[in-house]
Amino acid sequence: MIFKPVKTPCVGICSTGIGDDVCRGCKRFSHEVIHWNGYDNDQRRVIANRLASFLAQVVANHFFIIDAEKLQAQLRHQQISYQSDQDPMCWVFDLLKAGASQITDISVYGVAVKREFQHLTLVELKQSVDQHFYLLSKAHYDRYFRPPQLPVAPSQL
């Protein structure tokens, strides 16, 4: 089986250079951004799968997919870039990135907004998804990768 190369998730908005442990653009951890070019395809795939899983989870908290085939057909028709091998929930975010400000009826794409988020515009929903995606990535980093903090002696307070 031949696997296609994993493209960089970089979106050109890197905050690791200013000290963030998790990039606010692509949601990779700072060490993943730094070492990306040294990773082999399997290592890159692990990172890409984690990011896609987190994104799909967050999008699913905001949206329902009524018809994935309709969504895919509309993405193709509108020439919106998406990865067909990812969870269709990731496609919803690709749709929002490409045209949240121009879409007046998301049901045309086979997608519905969950009731608790229907008061938000699609632009606000895109921002909410992006923020929650970042928070989930940051929580994962903090839980599994952040170096432990040394206790501070009372005399140093």
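Since only 104, 49, 123 are under comparison, the one whose Cα sits farthest along the positive direction of the charge dipole of the chain, derived from C-beta charges on Lys, Arg, Asp and Glu, is 49.
With semi-axes defined as the square roots of five times the eigenvalues of the C-alpha gyration tensor, the equivalent ellipsoid of the stretch 79-127 measures 18, 12, 10 Å, largest first. Using only the C-alpha atoms, the convex hull of the stretch 75-156 corresponds to 161 Å³ per residue. For the stretch 1-72, the C-alpha radius of gyration sits at 1.30 times the compact-globule guess of 2.2 N^0.38 Å, with N the residue count.
Considering only alpha-carbon pairs that sit under 8 angstrom and 6 or more positions apart, the relative contact order computed for the stretch 51-147 is 39 percent. About the centre of its Cα atoms, the chain shows a dipole size close to 160 debye [charges on the beta carbon of Lys, Arg (+1) and Asp, Glu (-1) only; nearest 20 debye].
Multiply the residue separation of residue 57 and residue 97 by 0.36 nm, subtract the distance between their alpha-carbon atoms, and state the gained length in nm to one decimal.
12.7 nm
Spin-label model, residue 37/residue 150: points 7 Å from Cα along the beta carbon direction are separated by 3.4 nm. Where in the stretch 19-36 does the label zone of residue 83 land, with the point 7 angstrom along Cα→C-beta and an amide N cut-off under 13 Å? 26-28, by backbone N distance to the label point.
What a 1.4 Å probe finds exposed on the stretch 9-141 is 49% carbon and sulfur by accessible area, rounded to a whole percent.
Note down the Stokes-Einstein diffusion coefficient of the stretch 6-146 in µm²/s, whole number, using a Kirkwood radius over alpha carbon pairs, 20 °C, and 1.002 mPa s.
Answer, rounded: 136 µm²/s.
In this label model, residue 105 and residue 10 are separated by 4.2 nm, measuring between points 7 Å along each Cα→Cβ vector.
The values are calculated or read from the model by the stated rules, or taken from the named source; none is laboratory data. It should be emphasised that the depicted structure is a prediction, and the values quoted were computed from it without experimental measurement. Backbone-built Cβ (ideal geometry, glycine too); neighbour counts: all protein chains shown. To get the accessible areas, we keep the full protein, side chains included, count just its heavy atoms, and leave off ligands, DNA and RNA. Shrake-Rupley method; radii C 1.70, N 1.55, O 1.52, S 1.80 Å.
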